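Below you'll find the structure, written out as structure tokens, and then a few comments.
The values are calculated or read from the model by the stated rules, or taken from the named source; none is laboratory data. Here the structure is a predicted model, which is why all the values come from computation and not from measurement. Counting neighbours? That spans all protein chains shown, and the Cβs are built from the backbone with ideal geometry, glycine included. We work out accessible area using only protein heavy atoms, side chains counted, and drop any ligands, DNA or RNA first. Shrake-Rupley method; radii C 1.70, N 1.55, O 1.52, S 1.80 Å.
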Amino acid sequence: MDKLLKNLPWWVKWIGIPVIALVIFGGIVASLISIVVGLLFKVIVFVILVGALVLVVKRFSGGSGSKRDW
């Protein structure tokens, strides 16, 4: 395999092969990126909602009853 790649012009190694790989595996790469971005978005929304819930609970329970620090 090394001999085969040594005899090829530079543009085949650095342009042709990556373009072919992107054409073949581009859909897989795009779907993986969209899954990761979607998961990160859901994690960020989850963290924001949990933080908001904690703030609301502390605000409403802070005025009534005994004050305890966490």
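Computed quantities for the displayed model
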quantity: Karplus 3J(HN,Hα) series, Hz, for the stretch 40-49 with 6.51 cos²θ - 1.76 cosθ + 1.60 (x for Gly, Pro); calculated: 4, 4, 5, 5, 5, 4, 4, 5, 5, 5
quantity: With all protein chains modelled, accessible area of Val43 [1.4 Å, Å²]; calculated: 70
quantity: Efficiency of FRET from Cβ geometry, Leu4 and Ala30, R₀ 30 Å, rounded to 0.05; calculated: 0.55
quantity: Candidates Phe41, Phe60, Phe25: whichever shows maximal mean-square fluctuation once the chain is modelled as a Gaussian network with Cα springs under 10 Å; calculated: Phe60
quantity: Accessible carbon and sulfur surface of the chain relative to its total accessible area, %, 1.4 Å; calculated: 77
quantity: Ratio Rg/Rh, restricted to the chain and using Cα atoms, in which Rh is the Kirkwood radius; calculated: 1.54
quantity: Between the stretch 32-59 and the stretch 1-30, the alpha-carbon center distance in angstrom; calculated: 39
quantity: Solvent-accessible area per residue, Å², over the chain with all protein chains present [probe radius 1.4 Å]; calculated: 98
quantity: Most mobile listed residue (Ile17, Ile35, Ile44) in the chain, GNM with C-alpha springs under 10 Å; calculated: Ile17
